[in-house]
Amino acid sequence: GSVALYRAGYTQVARPTLPGAKPGLQPDPLPPLSGAFDIPVDATQAIWVQVHTAAECEPGPAESLVTVAVPGQPVVTVPVRVTVFGFALPETPSFMSAFALWGRFIELAYGAKAGSPEYNRLYESYYWFMVEHRLPPDDLPVPVASPEAARFLNDARVGSFRVPVGWNRVNADETRSVVARLRDQGWLRKGYVYCYDEPTPEQYARCRELADQVHSLGKDVPFLLTEQPEKELFGAVDIWCPILSEIRWDAVEARRAVGERLWWYTCCGPQAPYPTYLVDDIGLSHRVLSWLQALHRVEGVLYWCVNVWAPYREGRYLDRVGVWDEAEMFPNANGDGFLVYPGKSVGVDGPVASVRLEAIRDGNEDVEYVALLRRLLAAKGIAEVDVEARIREIITPVARSFSEWTR
């Protein structure tokens, strides 16, 4: 295994998003700790200790020491104890994801032109960073039709990707040969088509047209729509991906009964008491959504962007990186749209994690624990209804619904 230390950084919250939150500094960025550093006399500095256990680690308790040395003061040692479980999580996530990574902000933060070797290297470093957090972004760093796509799609950790058909349209003729290759290579099972976002009822007919064009590529090409089940869309949508506040469980279960799938997403809303990814929400909020995902067997999660580093003001993104100085990139939603920071500002050649992303990864690993338990109980011949009752016994004391979860 390995141990890494990070120095918790802070971002400014000027206008709190959530009830009870206060303006001021909030811990979020986690740049690596490198060498000695100064702390103002009136400040507290948190150090984030991250432990990775390799699959071959011996199970049981393990202990290490962190040494804190301050000039002119006695040296202090702090014990760090972990318990290693006697099993490993699978490399491939049990669920799919579309946590988008936008190249325009990599260009802005690093001054690297899209398509240049430096841009491609940076984009790929952010891509793998998200994969390591069990959240593969929607788009591969290379064209799906390119020979280099095999390097990503053959990787066990990459369990999902977007089949590129266009946006608000479907280039069926251009995509047909690509889909055939994906099918032949066994990669299509990881794919989905996401080409239209948050339709209004007036746009449902257009969504049906797009779905028909997608299905002309093959019945095994799933059409995902960021919408809750509505009868006008029945038969067109393979993967329903509603925002949390629009989920109606009776409608969802009726569509699942006919073989359709459920993803979900959170965005600028809904806010408290729903779990959120917002900076000024409590830390458990970022993790508990995964427990509800496991409870309801949600097959995928979507998030509009992980790297919006420029403030969005008066209908456009400003031409500056503001994320290190303020949390409100998107109005009225502190931290929304970014879960990673551009490392260039702090001398890091690549991504810097956030406290929120690390909490989300913990939640993603919790989902895998539950998935393992389901498989083990099923292998013992336990009826599905009894398996789910056992899962509910474990999860509901922590998270019962979107508004009922432990703080």
* Nearest 10 degrees, 0 to 90: helix 283-296 Cα axis against the chain principal axis -> 30
* Radius ratio Rg over Rh of segment 219-277, counting only Cα atoms, Kirkwood formula for Rh -> 1.00
* **Simple spin-label estimate for Val75 and Ser245 in nanometres, 7 Å along Cα-Cβ** => 5.5
* Structure fact -> Given a 1.4 Å probe, the accessible area of the chain per residue, as a whole number of Å², is 48
* Asked: Per 5 Å bin from zero, what fraction in whole % of the C-alpha pairs of segment 24-118 is there, up to the bin with the longest pair?
  -> 2, 7, 11, 12, 12, 15, 14, 13, 10, 3, 0
* Structure fact -> If each K or R counts +1 and each D or E counts -1, the residues other than Pro199 whose Cβ falls under 9 Å of its Cβ total -3
* Asked: By how many degrees, between 0 and 90 and to the nearest 10, does the Cα long axis of helix 172-185 differ from the longest principal axis of the chain?
  -> 70
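For segment 287-407, divide the Cα radius of gyration by the Kirkwood radius and give the resulting Rg/Rh value with two decimals. Display every interim value, and only then the final one.
Working: Rg = 18.9 Å, Rh = 16.9 Å.
So for segment 287-407, dividing Rg by the Kirkwood Rh gives 1.12.
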* Which whole-number percent gives the relative contact order of segment 30-118, counting Cα pairs below 8 Å spaced six or more residues apart? -> 19
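Order the following by accessible area, largest value first: Asp197, Asp319. Probe radius 1.4 Å; ligands, DNA and RNA are ignored.
Numbers: Asp197 60, Asp319 135 Å².
Largest accessible area first, the list is Asp319, Asp197.
State to the nearest 20 debye the size of the charge dipole of the chain about its Cα centre, where the only charges are +1 on K and R beta carbons and -1 on D and E beta carbons.
Values: 40 positive and 52 negative charges, 68 e Å.
About 320 debye.
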* For the chain, built as a Gaussian network whose Cα springs stay under 10 Å, the top-fluctuating residue of Ser177, Ser97, Ser64 -> Ser64
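Compare His296, His133 by solvent-accessible area with a 1.4 Å probe and give them largest first, with all protein chains kept in place.
Values: His296 45, His133 5 Å².
Solvent-accessible surface, decreasing: His296, His133.
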* Treating only the Cβ atoms of Lys and Arg (+1) and Asp and Glu (-1) as charged, compute the dipole magnitude of segment 218-321 about its Cα centre; round to the nearest 20 debye. => 160
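Given that compact globular proteins tend to follow 2.2 N^0.38 Å, what is the ratio of the alpha-carbon Rg of segment 111-198 to that value? Can you show the working numbers first?
Values: Rg = 13.4 Å, N = 88, 2.2 N^0.38 = 12.1 Å.
The value comes to 1.11.
In percent, what relative contact order does the chain have, based on Cα pairs under 8 Å that are 6 or more apart in sequence? Kindly include the intermediate steps, with their values, before the conclusion.
On the way: 706 pairs, mean separation 70.1, N = 407.
The value is 17 percent.
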* Structure fact -> So the angle from the long Cα axis of helix 117-132 to the longest Cα principal axis of the chain, reported in degrees to the nearest 10, equals 90
* In percent, how large is the relative contact order of segment 1-75, given Cα pairs closer than 8 Å and 6 or more residues apart? -> 37
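By how many nm would the segment from Asp38 to Asp386 lengthen if fully extended, with 0.36 nm per residue of separation less the alpha-carbon distance?
Residue separation times 0.36 nm, minus the Cα-Cα distance, leaves 119.7 nm.
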* So what are the radius of gyration and Dmax for the Cα set of the chain, in Å? -> 22.2, 74
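The values are calculated or read from the model by the stated rules, or taken from the named source; none is laboratory data. None of the values given here were measured: they were computed from a predicted structure. Positions of Cβ are generated from backbone atoms using ideal geometry, with glycine treated the same way; all protein chains shown enter the neighbour counts. Areas reflect the complete protein model, heavy atoms only, side chains present, ligands, DNA and RNA absent. Shrake-Rupley method; radii C 1.70, N 1.55, O 1.52, S 1.80 Å.
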